[in-house]
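Asker: Here it is, the structure, as structure tokens.
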Amino acid sequence: MEKQFPIKKIIDDQGNLIDSQYEGEIDQELVQQLYYHMLRIRLFDRKAISLQRQGRIGTYPPFEGQEASQVGSVLALGNDDWVFPTYRDHGATLTFGADMMRTFLYWNGRSEGVIPPEGKNIFPAAVPIATQIPHAVGTAWAEKRKDTSNVAIAYFGDGATSEGDFHEGLNFASVFQTPTILFNQNNQYAISVPVEKQMHSETIAQKGLAYDIPSVRIDGNDCFAVYFETKKAVERARNGEGPTLIEAVTWRTGAHTTADDPTKYRPDGQGENVINPVERLEHYMKHHDFWDEAWVTKIENELTNEVEAAVEAMEQYPKPNPEDLFDHVFQNNPKQLEEQKHAYLEHLGRV
Amino acid sequence: MDVKTETKTQVNTTQKLTMVQAVNDALKTMLESDKTTMLLGEDIGKNGGVFRATEGLQEQFGEDRVVDTPLSESGIVGTSVGLAVNGFKPVAEMQFMGFIYPAFDQLMTHVSRIRAKTMGHYSVPLVVRAPYGAGIRAPEIHSDSAEAIFTHMPGIKVVCPSTPYDAKGLLIASIEDPDPVIFMEPMRSYRAQREEVPEGKYTLEIGKGKRVQEGTDVTVIAWGAMLPVAQQAVKQAEQQGMSCEVLDLKTLYPLDRDLIAESVQKTGRAVIVHEAQSTGGLGQDIMSVIHDTSFLYLRAPIERVTGFDVPVPFFALEDHHLPTPKRVLASIEKAVHF
Ligand SMILES: Cc1ncc(C[n+]2csc(CCOP(=O)(O)OP(=O)(O)O)c2C)c(N)n1
């Protein structure tokens, strides 16, 4: 199966172009866009870890190592498409337009953090594994029924492929030929369980075969491979050709979450040779004359300021309101819930 | 310690353990004493569980007995049913109670009724362990307290200890029980206290609660992580001169009706504390036990202090959802001064 689903790459680990058919398609704008967003989300991710360490936000699941998979895939979407992320996909959602201050808020235990900007179709991060996959299929189905050309992308990990919702989602996508991109980030581990213990199959891509869903296996650390393969899947979906399964082979550089200790289960030195996708793009830019030191310094400063401003805004955000516990459960609260609310506010001395 | 309901074998010495260590010790004791015991779960092997409840057990007992399963709760519970009907004693871990829901179908449509529908020909001696509850600033879904869903299921026992000593004795009893048990572990209490726990094997009777404090004015009923909350409130109430009796139910199905009745008949007042949502919560069953057994003894309406009828909120609001000592105290006062 590994032969049937070879890992597609456009640049190698050292940033050399190895698939010349893309030479004409990679221009300054695309390169800078990819680099800008990968750097931006990396700064966000590192900041989130440090905030957690200082007790300024709660447990946080870092995505370092997966920048190319997230940015490359989401940049292949259009503004009206739908994104169904997991808890680890803030790189994708931030690049698609989620608000950074709110993303920090989410990890500070605030519901306000999941609200997307006006006009952006970003579903809240799915915490129960694989549950978002059928949602993305259903939303794509709705777009198909409405005769639009919009698509939905579902992000999920290697561990998610073991849940029923993965298989049920794929089958529905296949039966109803929905415009869905099933985007797997195979980061090699589901918490402590390595992918070879998660499944006996050699690849995740091959799981699409059973559902007759076109499937491809790509180097998830090669932002170009991710971008161009996702773009193909998006085009197929827009043209009414149904779903695609993409297995992006990548690597979770850090811990599963800030509460996890990977030295408990990872062999010493594993992953040491993986070149981070941001550095890999940097190599490519240097080899191919896209590197502009002044531009890089400028965006580094801008992005650092953006992240700092988002943290500041998060910390100055109004305190949580106990009324919010009750006020959004139904459109019109039943009387008994209103009574519970009233009794509690009275207890707090607020009414 | 309720000596009456306790059976001990080879218990000589004790060690000071936290609840999560006591759980580990119970699992180890059963893996040692019964070759058919198997542990199944996500990240329970090499990683020793996300709370370290299974720390060191795979190393000691091997990958065939302490199994890192694929990420699939329905798969874990469904295959455990198959293992259980064919000679094994599976102890399945749900990483958090909020992730038990994919296994709901297996629990409701099979685990609950295999014995009944086969007239005892097949049975499912299965334990499903699940850390539960809010109050540790965990991400969403990690904080559910879903006991009432399972007490409502027929054919399944539900156990919920509040101390290290009880956790070990009840977990061993659950593993030895011939029927399925959902074993809820209050994660907020996992490391909150250390207690002397006997080494080796001992069991506590499932279905027996415990009077943890005697009193005459009001009975305060709680379990799991709400027990310390109730106790804090009781301390304050006693400073105001109210004499409180505190019950730790320990088993949520079947309820210890005798203990509840005996206590409420003495005090004439009851305050029930649970963190799960109010409607359909276990508090309502306890009220009906009191109604059925002790109606004429009541001197005040029964009070309930519970979570609200809302999804467990993200953690910034969880302290508002959880019963607090202050809310419990207010209910004690209301009952006593009725
Ligand atoms: C239904 C369910 N079961 C268990 C968990 C606990 N859990 C959180 S993340 C995780 C591993 C997920 O692995 P994978 O799908 O590979 O995604 P990754 O975390 O590597 O991005 C587990 C078991 C959960 N969130 N949901």
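Rule-based calculations on the coordinates, nothing more; no lab input. Just so it is clear, the model here is predicted, and its values are computed rather than measured. Glycine gets a Cβ as well: all are built from the backbone with ideal geometry, and neighbour counts include every protein chain shown.
Asker: Residue B:104 versus residue B:266, label points 7 Å from Cα toward the beta carbon: distance in nm?
Answerer: In this crude spin-label approximation the distance works out to 4.0 nm.
Asker: Give a residue-ordered list of calculated ³J(HN,Hα) values for the stretch A:72-85 (Karplus: 6.51 cos²θ - 1.76 cosθ + 1.60, θ = phi - 60°; whole Hz; x for Gly, Pro).
Answerer: With the stated coefficients, the stretch A:72-85 comes to x, 6, 6, 6, 7, 8, x, 4, 8, 6, 10, 10, 10, x Hz.
Asker: If you place +1 on the Cβ of every Lys and Arg and -1 on the Cβ of every Asp and Glu, how big does the dipole about the Cα centre of the stretch B:13-204 come out, in debye to the nearest 20?
Answerer: On the way: 18 positive and 24 negative charges, 56 e Å.
Result for the stretch B:13-204 is approximately 280 debye, rounded to the nearest 20.
Asker: Moving on to the next point. So, in Å, what gap is there between the alpha-carbon centers of the stretch A:320-347 and the stretch A:38-80?
Answerer: 34
Asker: While we're on this one: Give the Kirkwood hydrodynamic radius (Å, one decimal) of the stretch A:7-144, defined as one over the mean of 1/r across all pairs of different Cα atoms.
Answerer: Working: mean 1/r = 0.0610 Å⁻¹.
Across the stretch A:7-144, the inverse of the average 1/r is 16.4 Å.
Asker: Any idea what angle helix A:335-347 forms with the longest principal axis of chain A, computed on alpha-carbon atoms, 0 to 90 degrees, nearest 10?
Answerer: 70
Asker: Still on this structure, I have one more. Calculate, for residue B:330 and residue A:301, the FRET efficiency according to 1/(1 + (r/R0)^6) with r their C-beta to C-beta distance and R0 60 Å; round to the nearest 0.05.
Answerer: Values: r = 54 Å, r/R0 = 0.90.
The computed FRET efficiency comes out at 0.65.
Asker: Search the structure for amide H atoms under 5 Å from the amide H of residue A:126, placed 1.01 Å from N in the peptide plane, and list their residues when 5 or more places away or on another chain.
Answerer: Amide H neighbours of residue A:126: A:86, A:87.
Asker: When you take every Cα atom in the stretch B:180-237, what is the radius of gyration, and what is Dmax, the widest Cα pair distance, in Å?
Answerer: Cα only, the stretch B:180-237: 13.8, 39 Å (Rg, Dmax).
Asker: List the residues whose amide H sits under 5 Å from the amide H of residue B:129, counting only those 5 or more places along or on another chain, with H placed 1.01 Å from N in the peptide plane.
Answerer: Under 5 Å from the amide H of residue B:129 lie the amide H atoms of B:92, B:93, B:94, B:183, each far enough along the sequence or on another chain.
Asker: So what are the radius of gyration and Dmax for the Cα set of the stretch B:13-204, in Å?
Answerer: Over the stretch B:13-204's Cα set, Rg and Dmax evaluate to 15.3, 45 Å.
Asker: Further, regarding this structure: Using every pair of alpha-carbon atoms in the protein assembly as shown, split the distances into 20 Å bins beginning at 0 and state the percent of pairs per bin, rounded to integers.
Answerer: Using 20 Å bins, I get a P(r) of 17, 46, 30, 7, 0 for the protein assembly as shown.
Asker: Gap in Å between the Cα centre of the stretch B:166-189 and the Cα centre of the stretch A:105-173?
Answerer: Distance between centres, Cα-based: 36 Å.
Asker: Between residue A:317 and residue A:263, what length in nm is gained on full extension when 0.36 nm per residue of separation is reduced by their alpha carbon distance?
Answerer: Numbers: separation 54, 0.36 × 54 = 19.44 nm, distance 3.64 nm.
Full extension of this stretch gives 15.8 nm more.
Asker: Go through the stretch A:59-64 residue by residue and turn each phi into a ³J(HN,Hα) via Karplus (6.51, -1.76, 1.60, θ = phi - 60°); whole Hz please, and just put x for glycine and proline.
Answerer: My calculation for the stretch A:59-64 gives 3, 9, x, x, 10, 3 Hz in order.
Asker: Could you pull out the pairs from A:335/B:208; B:266/B:334; A:335/B:266 whose alpha carbons sit more than 29 Å apart here?
Answerer: Details: A:335/B:208 37 Å; B:266/B:334 18 Å; A:335/B:266 35 Å.
The answer is A:335/B:208; A:335/B:266.
Asker: Holding the Cα-Cα limit at 21 Å, pick out from B:235/B:326; B:157/B:210; B:201/B:250; A:232/A:298 the pairs that are longer than that.
Answerer: Working: B:235/B:326 11 Å; B:157/B:210 17 Å; B:201/B:250 19 Å; A:232/A:298 33 Å.
From the list (B:235/B:326; B:157/B:210; B:201/B:250; A:232/A:298), the Cα-Cα distance tops 21 Å for A:232/A:298.
Asker: Cross-link partners among aspartates and glutamates for residue A:9, C-alpha distance below 14 Å, same-chain residues fewer than 8 apart left out?
Answerer: A:19, A:23, A:219, A:222, A:229, A:247
Asker: Further question: Which distance in Å, rounded to a whole number, links the C-alpha centroids of the stretch B:99-132 and the stretch A:244-291?
Answerer: About 41 Å separates the Cα centre of the stretch B:99-132 from the one of the stretch A:244-291.
Asker: What size of dipole, in debye to the nearest 20, comes out for the protein assembly as shown about its Cα centre when the only charges are +1 on Lys and Arg C-beta atoms and -1 on Asp and Glu C-beta atoms? Write out the running numbers ahead of the final one.
Answerer: Numbers: 66 positive and 96 negative charges, 407 e Å.
Result for the protein assembly as shown is approximately 1960 debye, rounded to the nearest 20.
Asker: Charges only on Cβ, +1 for Lys and Arg, -1 for Asp and Glu: so what's the dipole of the stretch A:7-319 about the Cα centre, in debye to the nearest 20?
Answerer: In total the dipole reaches around 900 debye.
Asker: Here's something else I'd like to know. From the helices alone, meaning DSSP H stretches of at least four residues, give me the mean residue ellipticity at 222 nm for the protein assembly as shown, per-run term -39500 (n - 2.57), in deg cm²/dmol to the nearest 500.
Answerer: Numbers: 23 runs with 256 residues, N = 689.
Rounded to the nearest 500, the figure is -11500 deg cm²/dmol.
Asker: May I pose another question? Would you mind computing, in nm to one decimal, how far apart the modelled labels at residue B:118 and residue A:18 are, each placed 7 Å from Cα along Cα→Cβ?
Answerer: With each label placed 7 Å out from Cα toward Cβ, I get 5.4 nm.
Asker: What order do you get for A:37, B:152, A:328, B:274 when you list them from fewest to most C-beta neighbours inside 10 Å?
Answerer: Values: A:37 23, B:152 15, A:328 12, B:274 27.
Least crowded to most crowded, the residues run A:328, B:152, A:37, B:274.
Asker: Arrange the following residues from fewest to most other Cβ atoms within 10 Å of their Cβ: B:14, A:297, B:29, A:93.
Answerer: Values: B:14 13, A:297 10, B:29 19, A:93 28.
Least to most surrounded, the residues fall as A:297, B:14, B:29, A:93.
Asker: Amide H to amide H under 5 Å from residue B:213: which residues, 5+ apart in sequence or cross-chain, H placed 1.01 Å off N in plane?
Answerer: B:246
Asker: To the nearest µm²/s, what D does Stokes-Einstein give for the stretch A:7-319 at 20 °C and 1.002 mPa s, using the Kirkwood radius over alpha carbon pairs as Rh?
Answerer: Working: Rh = 19.6 Å.
Here the translational diffusion coefficient equals 109 µm²/s.
Asker: Okay, next question. For the stretch B:251-338, take the alpha-carbon Rg, divide it by the Kirkwood Rh, and send me Rg/Rh. Kindly include the intermediate steps, with their values, before the conclusion.
Answerer: Values: Rg = 13.8 Å, Rh = 13.8 Å.
Radius of gyration relative to Kirkwood radius: 1.00.
Asker: Next question. Report D for chain B in µm² per second (integer): Stokes-Einstein, Kirkwood Rh on Cα pairs, 20 °C, 1.002 mPa s. Please list the in-between numbers first.
Answerer: Details: Rh = 20.2 Å.
Stokes-Einstein gives a translational diffusion coefficient of 106 µm²/s.
Asker: If you look at just the Cα atoms of the stretch B:197-290, how large are its Rg and its Dmax in Å?
Answerer: 13.6, 43
Asker: Hey, another quick one. So for A:293, A:247, fewest C-beta neighbours within 10 Å to most, what's the order?
Answerer: Values: A:293 7, A:247 25.
If I rank by nearby Cβ atoms, fewest first, I get A:293, A:247.
Asker: Right, another one. Go through B:86, B:47, B:61 and say which Cα lies farthest out towards the positive end of the charge dipole of the stretch B:47-90; charges sit on Cβ, +1 for Lys and Arg, -1 for Asp and Glu.
Answerer: Checking the options against the dipole of the stretch B:47-90, the answer is B:86.
Asker: By how many degrees, 0 to 90 and rounded to 10, does the Cα axis of helix B:257-267 deviate from the longest principal axis of chain B?
Answerer: Helix B:257-267 sits at roughly 20 degrees to that axis.
Asker: Shifting gears a bit: Using the Karplus curve 6.51 cos²θ - 1.76 cosθ + 1.60 with θ = phi - 60°, work out ³J(HN,Hα) for each residue of the stretch B:62-78 in order, rounded to whole Hz, and write x for Gly and Pro.
Answerer: Along the stretch B:62-78, the couplings run x, 6, 7, 10, 10, 10, 7, 8, x, 7, 6, 5, 5, x, 5, 6, x Hz.
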